[in-house]
Amino acid sequence: MRCLSIGCHPERSTGWLIIVMYHDMKANERPGFLSQLNYMKSMADFLSPSEATALLEPGHHFTGRYFCVTFDDGLRDAVRYAVPILNERSIPSAFFVVPAWISAASAAQPTGAKFISWDDCREMARSGVTIGSHGRSHRRFSALDDRQASDELTLSKSQIEHEVGQSCVHFACPW
């Protein structure tokens, strides 16, 4: 895989994969997001996280140009404004969620929560969006001992799988 640098022209090179990570989106940012997606589509194909990680398997050589679109944290506005655009264009994507934030938001603010709900996650998963882990509580992994890190990974994975009803095989490290 080739690393793209500032001096590189991605539209003229091949053999690359870029993971594009977003956090949030507001209503007035939809046109800009659509413009970004159109620009990416003019240069490359979109892959799901599973397709992207398959390309990165040892010994696998690829010559295409690819983007993988992801969102961290599970913010409600990102779901409200980005997912319809992605689904309308059949662009695969992933949302890396924090189960502790979803549960707290659902319990404290059922209608005005900043974070998505488990129902949102289930609906996204049914539409083809990958739901991945962003840790159980968004802790800085470099500050955790092995047991704490293991708990962050295993507890988030099991809760996502329980709530969404699908396997959780992707993780985006917070911080």
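The values are calculated or read from the model by the stated rules, or taken from the named source; none is laboratory data. Bear in mind the structure is a predicted one, so any value in this text is a computation, not a measurement. Note that we place each Cβ from the backbone using ideal geometry, even for glycine, and neighbour counts take in every protein chain shown. All accessible areas refer to the heavy atoms of the entire protein, side chains included, with ligands and DNA or RNA removed. Shrake-Rupley method; radii C 1.70, N 1.55, O 1.52, S 1.80 Å.
For region 46-68, enumerate the residues that are under 25 Å from H134 (Cβ atoms) and not in a loop (DSSP other than H, G, I, E, B).
F46, P49, S50, E51, A52, T53, A54, L55, Y66, F67, C68
Mind checking whether some residue in region 68-91 is within 29 Å of L17 (Cα to Cα) and over 16 Å from the mean Cα position of the chain (by Cα)?
For region 68-91, residues within 29 Å of L17 (Cα to Cα) and over 16 Å from the mean Cα position of the chain (by Cα): present.
So which of S133, S167, S137 ends up being open to solvent by 60 Å² or more (accessible area, probe 1.4 Å), within 30 Å of I18 (Cβ to Cβ) and not hydrophobic (A, V, I, L, M, F, W, C)?
S167
Counting only residues that are under 25 Å from S156 (Cα atoms) and part of a helix (DSSP H, G or I), which one in region 87-101 is most open to solvent (accessible area, probe 1.4 Å)?
W101
Of the numbered conditions (1) open to solvent by 40 Å² or more (accessible area, probe 1.4 Å); (2) over 20 Å from V164 (Cβ atoms); (3) assigned to a helix (DSSP H, G or I), A104 fails exactly one; give the number of that condition.
Failed condition: (2).
Has region 46-69 got any residue that is open to solvent by less than 60 Å² (accessible area, probe 1.4 Å) and free of Cβ contacts under 8 Å to residues at least 12 places away in the same chain?
Yes: one or more hits.
Filter region 27-45 down to the residues that are under 20 Å from R76 (Cβ atoms) and surrounded by 12 or more Cβ atoms within 10 Å (Cβ to Cβ), then identify the one that is nearest to the chain's Cα centre (by Cα).
Restricting to residues being under 20 Å from R76 (Cβ atoms) and surrounded by 12 or more Cβ atoms within 10 Å (Cβ to Cβ), the top hit is F33.
Assess whether F96 counts as being under 15 Å from the mean Cα position of the chain (by Cα) and modelled with pLDDT under 95.
no
Applying the selection to region 73-84, what residues are over 26 Å from R139 (Cβ atoms) and open to solvent by 20 Å² or more (accessible area, probe 1.4 Å)?
Result: R80, Y81, P84.
Given the options R122, R147, name the one that is among the basic types (K, R) and either open to solvent by less than 50 Å² (accessible area, probe 1.4 Å) or closer than 21 Å to M25 by Cβ (or both).
Result of the check over R122, R147: R122.
Consider only pairs whose beta carbons are under 7 Å apart and that are at least six residues apart or on different chains; among these, list those whose first residue lies in region 143-162 and is over 15 Å from C173 (Cβ atoms) and whose second residue is assigned to a helix (DSSP H, G or I).
Taking only residues 6 or more apart or on different chains, the pairs are Q159/P99; I160/P99.
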